[in-house]
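K.L.:
Please find one structure pasted underneath; my questions will follow.
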Amino acid sequence: MAIREIIVAPDPRLKITAKPVAKVDGEVRRLMDDMLETMYRAHGIGLAAPQIGSDLRVVVCDVARANEEAQPIHLANPEVVWASGELLLREEGCLSVPEHYAEVERPAEVKIRYLDREGKERELHATGLLSVCLQHEIEHLDGTLFIDHLSRVKRDIILRKLKKTQRLAEPA
Ligand code: GNR
Ligand code: NI
């Protein structure tokens, strides 16, 4: 397994429409493993492949608490096939939007169809934090970040700060 660099916004690689996985083979499993290792190292609860520069529709997620046993979920080609009418407002963050947090309204519960680490088709009914996380990750596969749900003014303030921070971090 390997730790990969997490891409920070604004970056065109975060705005791509990722491509469906044709087959969950060894290469895809390796990508999933690298993503999980990268996510755990960054103390995240989810990660989408475009965040490490891959253009595949792959997501990993683990919403278990630090004192609980790990519960990694590996998803290829995940799709929301049902969403509850009930919505929920929740504070979100993103490893590609470091140190910025904002409330986003989303369906409270969703049903997700995906291929697991063995390529088997599965469905998952997600509630609570898992529901938020999976919706956030699936949006990454179509180039949408949680800040795209905010007003243009709020989004532009965050993007401007991120650009400035990255400029200051660059070698002279
Ligand atoms: O680690 C993460 N935490 C989080 C908190 C609330 C809503 C969504 C998330 S996902 C985020 C990791 C990430 O950026 N995944 O794309
Ligand atoms: Ni994110």
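The values are calculated or read from the model by the stated rules, or taken from the named source; none is laboratory data. The model shown is predicted, which means the values in this text are computed figures rather than measured ones. Don't worry about glycine lacking a Cβ; one is built from the backbone with ideal geometry, like all the others, and counts go over all protein chains shown. Protein only, heavy atoms only, side chains kept; ligands, DNA and RNA dropped before computing areas. Shrake-Rupley method; radii C 1.70, N 1.55, O 1.52, S 1.80 Å.
K.L.:
Take the residues of segment 41-67 that are surrounded by fewer than 15 Cβ atoms within 10 Å (Cβ to Cβ) and near ligand 1 (Cβ under 9 Å from one of its atoms): which is nearest to residue 132 (Cα to Cα)? Even if it seems obvious, please write down each step before you answer.
P.N.:
So in segment 41-67, the residues surrounded by fewer than 15 Cβ atoms within 10 Å (Cβ to Cβ) come out as 41-43, 53, 55, 64-67.
Imposing the further condition that a residue be near ligand 1 (Cβ under 9 Å from one of its atoms) reduces the set to 42-43.
Details: 42: 18, 43: 17 Å.
For segment 41-67, the residue satisfying everything is 43.
K.L.:
Is segment 103-118 home to any residue that is assigned to a strand (DSSP E or B), farther than 20 Å from residue 55 by Cβ, within 16 Å of ligand 2 (Cβ to nearest atom) and touching a His at 6+ places or on another chain (Cβ under 7 Å)?
P.N.:
yes
K.L.:
Separate question: Scanning for something more than 18 Å from the chain's Cα centre (by Cα) and hydrophobic (A, V, I, L, M, F, W, C), does segment 147-156 turn up at least one residue?
P.N.:
Yes, the conditions are met somewhere in segment 147-156.
K.L.:
Does residue 70 fit the bill of being within 15 Å of ligand 1 (Cβ to nearest atom) and either at pLDDT 95 or above or closer than 23 Å to residue 2 by Cβ (or both)?
P.N.:
yes
K.L.:
Shifting gears a bit: Looking only at segment 112-131, count how many residues are more than 23 Å from residue 19 (Cβ to Cβ) and open to solvent by 20 Å² or more (accessible area, probe 1.4 Å).
P.N.:
Going through segment 112-131 one residue at a time, the tally reaches 5.
K.L.:
List pairs: first in segment 137-161 and among the small types (Gly, Ala, Ser), second surrounded by fewer than 21 Cβ atoms within 10 Å (Cβ to Cβ), Cβ under 7 Å, 6+ apart or cross-chain?
P.N.:
From residues that are among the small types (Gly, Ala, Ser), the pairs are 143/14; 143/15; 143/16; 143/17.
K.L.:
Among the residues in segment 64-87, are any part of a strand (DSSP E or B) and under 20 Å from residue 150 (Cα atoms)?
P.N.:
yes
K.L.:
For segment 1-40, what are the residues that are farther than 23 Å from residue 155 by Cα, among the charged types (D, E, K, R) and open to solvent by less than 40 Å² (accessible area, probe 1.4 Å)? Break it down into steps so the answer makes sense when it comes.
P.N.:
Taking segment 1-40 as the starting set, the residues that turn out to be farther than 23 Å from residue 155 by Cα are 1-5, 19-40.
From what is left, the residues that are among the charged types (D, E, K, R) are 4-5, 19, 23, 25, 27, 29-30, 33-34, 37.
Result: 33, 34.
K.L.:
Could we say that residue 21 is among the hydrophobic types (A, V, I, L, M, F, W, C) and not in a strand (DSSP E or B) here?
P.N.:
Yes: the conditions hold for residue 21.
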